[in-house]
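Before any comments, here is the structure.
No value in this document is a laboratory result; all are computed from the given coordinates. What you see is a predicted model; the values in this text were computed from it and never measured. Quick reminder, even Gly has a Cβ in these numbers, built from the backbone with ideal geometry, and neighbours come from all protein chains shown.
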Amino acid sequence: MVSEVKSVTGRGVPLVGNDVDTDRIIPARFLKCVTFDGLGEHAFADDRTQLNRQHPFDLPQYQGANILVVNGNFGCGSSREHAPQAISKWGIQAIVGESFAEIFFGNCIALGVPCVTVTPEVAKTLQAQLQADPQRALTVNLETMQVTCGDLVAPISMGDGPRQMFVTGQWDATGQLVAQADSTRQVADRLPYIAWQAS
């Protein structure tokens, strides 16, 4: 089944700061896992310890939030796919930021987590609004290419290719394979090396 992502609505969690790298998102000691299950509880583990559990991911007012609002060059550093996995497992379904590291962005696409960019002014305004009122509704709309938070309506950016992948469900490679199972089998039946292995 193809999963389209046309908009994400919910509550936001502000994470202030530039150049938040993947080692901060999920420290290396948590990369030994066989599956990604349970990674969410370790997202930003060291930052959360250093801030004495005053990190946004620990504060009660942001529990259940599903849209992360960040600043510049988010997800830089190593290419570990555990970083977007940890954020997703914590409950984040979309990320709004000033800019994203390319590999992190690509890994988010593979998970169905859209990363959209806004101007630094919009990012800071969103973060301030979410700090002032954590219950404020936030919507990221990939059809209108706007983010809405209270009275604020601002443009968002995403390349045409990734945007089309989300709104049509093409980001979900597994879903596409399942949806096209019959066609895939027909092609496989015509391939001599597949038929040879089967016999």
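Averaging Cα coordinates gives a centre for segment 58-116 and one for segment 149-168; these two points are 15 Å apart. Taking Cα atoms only, the orientation of helix 102-111 departs from the longest principal axis of the chain by about 70 degrees. Working note: 222 nm ellipticity from helices only, DSSP H runs with n ≥ 4, each -39,500 (n - 2.57), summed and divided by the residues of the chain, gives -10500 deg cm²/dmol to the nearest 500. Around the Cα centre of the chain, unit charges on the Cβ atoms of Lys, Arg, Asp and Glu (plus for the first two, minus for the last two) sum to a dipole of about 300 debye. Legend: calculated FRET efficiency, Gln164 to Thr184, from the Cβ-Cβ distance at R0 = 22 Å, rounded to 0.05, equals 0.50. Value of Rg to Rh for segment 33-113, rounded to two decimals, is 0.94; Kirkwood radius and Rg both from alpha-carbon coordinates. Round to the nearest 10 and give me the degree value, 0 to 90, for the angle of helix 120-132's Cα axis relative to the longest principal axis of the chain. Orientation of helix 120-132: about 70 degrees from the principal axis. Taking every C-alpha pair closer than 8 Å and separated by at least 6 residues, the mean separation divided by the residue count of the chain gives a relative contact order of 27 percent.
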